[in-house]
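J.: Here it is: the structure, laid out below.
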Amino acid sequence: MQRRDTVVDHRPQWPNVVGTIGIVLGIVLLLDSVDDLITARWTAAEWRWIFPPDLADLIARSMPPAAWRAVSAAVEIGLAALLIVGSVALRRRTRHGVSLCRLWAWLAIVWVVVVIGRGTLWLAQHGGELPGIGAVRWEVYVPFALGLAAALLLAFPVFLLVWLSGTAARSEYEAWPR
């Protein structure tokens, strides 16, 4: 029997793993943004396909202005594209992939602050109208929900910034081509 020589890649695998996670998240963000564009024009009748009538009416009545929805969708589509491009470049082990991922992380953090602020304003304006939630329960749920949303939305951007500033990661990507 002949022995086949196998080539083992001894390079760290984190660029492939982190890049793949970024690509998947970027695609999910892109699809969510497109979905937001589609549902932004829905009336209460369309929302009733998914939600009870009271909630569907509230959603239709409290939708942000069209200009906000357009700007929001454009920002989110741009962020999703930036994450996908940066993550592909990270998988290809180029330094500009690291730069793009860092840029995405900082922009995503700023955007999360804007979105959580907008959500807080929406809840202040329309929260008392949510059917089935009393004032006491409302005061408990809102801070928890906003904190959970912020934590989930900030998890990957913060992880990227921390990971890419680590000594092991830095020593790896500083040897990569631009």
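J.: Helix 66-91: angle to the longest alpha-carbon principal axis of the chain, degrees 0 to 90, nearest 10?
T.: 20 degrees
J.: If you project the alpha carbons of segment 3-42 onto the principal axes, what extent comes out on each, in Å, largest first?
T.: 64, 20, 6
J.: When Cα extents along the principal axes in Å is calculated directly from the model, which label among (1) 72, 36, 33; (2) 56, 34, 27; (3) 73, 32, 25 fits?
T.: (1)
J.: Same structure, new question: With a cap of 13 neighbouring Cβ atoms within 10 Å, and only residues DSSP puts in a loop, list the trypsin sites (Lys or Arg not before Pro) found in segment 1-81.
T.: For trypsin sites (Lys or Arg not before Pro) across segment 1-81 that sit outside H, G, I, E and B with at most 13 neighbouring Cβ atoms in 10 Å, the list reads R3, R4, R41.
J.: Still on this structure: Within segment 25-89, report the chymotrypsin sites (Phe, Trp or Tyr not before Pro) that DSSP leaves as loop and that have at most 14 other Cβ atoms within 10 Å.
T.: Loop-located and lightly packed - W49.
J.: Tally Lys and Arg at +1 and Asp and Glu at -1 over the other residues with C-beta under 11 Å from the C-beta of N16: what net charge comes out?
T.: +3
J.: Using the basic label-point model (7 angstrom from Cα toward the beta carbon), what is the A44 to T20 distance in nanometres?
T.: For the pair A44/T20, the computed spacing is 4.8 nm.
J.: Right, here's the next one. Check which residues have an amide H placed less than 5 Å from W176's amide H, if you skip close sequence neighbours.
T.: none
J.: Give me the net charge of M63's neighbourhood, meaning all other residues with Cβ under 10 Å from the Cβ of M63; Lys, Arg count +1, Asp, Glu -1.
T.: On the way: positive: R41, R61, R69; negative: none.
Net charge around M63: +3.
J.: A further question on this structure: Over the chain, with every protein chain in place, what whole percent of the accessible area is carbon and sulfur at 1.4 Å, could you tell me?
T.: Within the chain, the accessible surface is 69 percent carbon and sulfur.
J.: While we're looking at this one, here's another question. For the Cα atoms of the chain, what angle does the longest principal axis make with the long axis of helix 135-164, in degrees from 0 to 90, nearest 10?
T.: In the chain, helix 135-164 runs at an angle near 20 degrees to the longest axis.
J.: Compute the accessible area per residue over segment 36-92, keeping the other protein chains in place, probe 1.4 Å, unit Å².
T.: On the way: 3240 Å² over 57 residues.
That works out to 57 Å² per residue.
J.: Still on this structure, I have one more. Working from the pairwise distances between different alpha carbons, so that the mean of 1/r is found and then inverted, what is segment 65-121's Kirkwood radius in Å?
T.: 12.2 Å
The values are calculated or read from the model by the stated rules, or taken from the named source; none is laboratory data. Keep in mind it's a predicted model, so treat the numbers as computed, not measured. For neighbour counting, all protein chains shown are included, and Cβ atoms are generated from backbone atoms with ideal geometry for every residue, glycine included. Heavy atoms of the whole protein, side chains included, go into the accessibility calculation; ligands, DNA and RNA do not. Shrake-Rupley method; radii C 1.70, N 1.55, O 1.52, S 1.80 Å.
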